[in-house]
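Since the structure comes first, as structure tokens, the remarks are kept for the end.
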Amino acid sequence: MLSALASMHARRSIRAFESAPVPADTIHRLVEAAGRAPSSKNTQPWRLFLVQGPALDALRNDYLAAFDAGEKPRPAYRYSPDPLPPLWQARAKEVGIGIFKHKGITRDDTAGRRAHDRENFKFFDAPHVFFLGTDASAFGHGTFLDCGFVLDNLMLGLASLGYGSCPQYSAVSYPDILARHLPNAADTLFIAGLAFGTPKAAASVNAFQPDRLPLETWFHVVG
Ligand SMILES: Cc1cc2nc3c(=O)[nH]c(=O)nc-3n(C[C@H](O)[C@H](O)[C@H](O)COP(=O)(O)O)c2cc1C
């Protein structure tokens, strides 16, 4: 098992998975540990749904049908400012171009770009997807922070055990479809999905690793 720091370095977004499932008791231990996340006043405002097996196949089919029909994503909340500030926009563009280049998809390859986007709605063929949410009727900015700690715990826990994951805003593109498939999720605001499983070693997309900014651009020491 990797240490916390080694897991942080090892984690990256995985976008191709083996079909073999993660053992149920491993997932249980992971979720138990992720739930140790801190939250303001210990409110623990998160809700977590695990979708797998035939239930995931059914969800995947409905998501792909919506995507293929050209339905616009309709997430329940806006992730980022729109438009993005120019600097963030430049970084978003850099990672977008970077992954296309890595996959050999050229600028004018519209079909290739659409096929890449479509992978999101298949959850990259992962055998499991977590859906993280909170109470749709009562949340603040900090609620998203608290829920983010659980998401990060899950990602780092998976990395520490040698599994891979991809956080997905795209996985909450169609909350109405999601709600239909998750009968126990009434009044849930879906925040993100987390596709996870064993990374497909042969898939070159899994080697893609965007750079990070140099520390001195965002880390400020005073005193
Ligand atoms: C909340 C969240 C949502 C994301 N949504 C998507 C997504 O829908 N599809 C995708 O391919 N990557 C998604 N990503 C992955 C980011 O593109 C990725 O984290 C970033 O480019 C840094 O790369 P790394 O995770 O490999 O270090 C998301 C990341 C986060 C944190």
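Summary table below
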read-out	value
For THR188, distant residues with modelled amide H under 5 Å away	ALA136
3J(HN,Hα) from dihedral phi, segment 7-15, Karplus parametrisation 6.51/-1.76/1.60, rounded to Hz, x for glycine, proline	5, 4, 6, 6, 5, 8, 6, 9, 10
Footprinting exposure proxy for MET155, MET1, MET8 (fewest neighbouring C-beta atoms within 10 Å first)	MET1, MET8, MET155
Rounded if a/c under 1.5, otherwise prolate or oblate - segment 4-205, Cα gyration tensor axes	rounded
DSSP beta bridges in the chain [antiparallel fraction, %, rounded to 5]	95 percent
Most to least packed among 140-147, 51-58, 210-217, 191-198 [average Cβ atoms within 10 Å]	191-198, 140-147, 51-58, 210-217
Centre separation in Å (Cα based) which lies between segment 129-168 and segment 65-124	21 Å
Phi to ³J(HN,Hα) by Karplus 6.51 cos²θ - 1.76 cosθ + 1.60 over segment 59-69, Hz, x for Gly, Pro	5, 4, 4, 5, 5, 5, 4, 5, 5, 5, 7
Segment 148-223: C-alpha gyration tensor shape, a/c 1.5 cut-off, then a/b vs b/c	oblate
Under 29 Å from LYS72, Cα to Cα: lysines that are on another chain or at least 8 residues apart	LYS93, LYS101, LYS103, LYS122
Pairwise label distance in nanometres, ALA20 with ALA69, each label 7 Å out on the Cα-Cβ vector	3.8 nm
Likely footprinting exposure, SER80, SER160, SER39, fewest C-beta neighbours within 10 Å first	SER80, SER39, SER160
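Since every read-out is calculated from the coordinates, none of them should be taken as a lab result. What you see is a predicted model; the values in this text were computed from it and never measured. For neighbour counting, all protein chains shown are included, and Cβ atoms are generated from backbone atoms with ideal geometry for every residue, glycine included.
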